[in-house]
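Let me begin by presenting the structure, written as structure tokens, before commenting on it.
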Amino acid sequence: MHKILIALAASLTVLGASAQIGKAASEATDAAQHKIDEKQADSKAKKSGPVGKAVNNVKSGYHKNRAKSSASKAKQSLKNAG
């Protein structure tokens, strides 16, 4: 009976770690996508007039903040998995 409980606890731990790793991968993907969107907004800002430049600079700032947030969440998920 004791061995069964230990095996059950170990399997639940593995499942929890697996879920955290999946979450970390998802957050890392989000961070990468936000970085791409940030660079696109920067590029559009350079080519735009004054209003477009302002709008795209705001978009770039938003995506930069989201990328940082997603990256830190990914790191935290990996720490939680280990």
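What to note about this one:
- Residue pairs whose Cβ atoms lie under 6 Å apart, separated by 6 or more positions or on different chains, with the first residue in segment 7-29 and closer than 12 Å to Leu78 by Cβ and surrounded by 12 or more Cβ atoms within 10 Å (Cβ to Cβ) and the second at pLDDT 70 or above and of a type in the set (Lys, Arg), are Glu27/Lys73.
- Any hit, segment 30-51, residues being surrounded by fewer than 17 Cβ atoms within 10 Å (Cβ to Cβ), under 25 Å from Ala81 (Cα atoms) and at pLDDT 90 or above: yes
The values are calculated or read from the model by the stated rules, or taken from the named source; none is laboratory data. Computed from a predicted model, the values in this text were never measured in an experiment. Every residue, glycine as well, gets a Cβ built from its backbone with ideal geometry; the counts of neighbours run over all protein chains shown.
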